[in-house]
Amino acid sequence: MHKYHECKFLPKKGITIVYSDEFLGDDKHVWNMIIERSAEEADLEENHYLEEVGDTIWQTVLEIYCCPYCGEPLSSSKKQVEAADIVHYDNWHSWYGSKL
């Protein structure tokens, strides 16, 4: 199940806010902010791992509780967080990407 946060302040490309369980590697559904860079034509010429415009070069995913653009609360669950759940995937250096 995916739900997307629609916000008029959210950039048109590069950032998505989605409720899902598939990004952080555990089975709990949470709100995630996904920041990614997609390949452009010049990137394809520089890197043979990228096949077409739009391929993900890198992606950072972090768990959030409210929208950083409009401030709307996304989750009613409030807890003190000692370390944020953050995952970064780098597809620039290999076909399969790597979790940093």
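The values are calculated or read from the model by the stated rules, or taken from the named source; none is laboratory data. A quick note: this is a predicted structure, and the numbers were derived from the prediction, not measured. Reconstructed Cβ throughout: ideal geometry from the backbone, glycine too, with neighbour counts over all protein chains shown. The area values use the complete protein model at the heavy-atom level, side chains included, leaving out ligands, DNA and RNA. Shrake-Rupley method; radii C 1.70, N 1.55, O 1.52, S 1.80 Å.
Would you mind getting me the FRET efficiency between Tyr49 and Ser75? Use the beta-carbon distance for r and R0 = 30 Å, nearest 0.05.
Details: r = 36 Å, r/R0 = 1.19.
Result of the calculation: an efficiency of 0.25.
Largest first, what is the accessible-area ranking of Tyr4, Tyr69 with a 1.4 Å probe?
Tyr4, Tyr69
By accessible area of protein heavy atoms, probe 1.4 Å, what ranking do His5, His48, His88 get, highest first?
In descending accessible area the options line up as His48, His88, His5.
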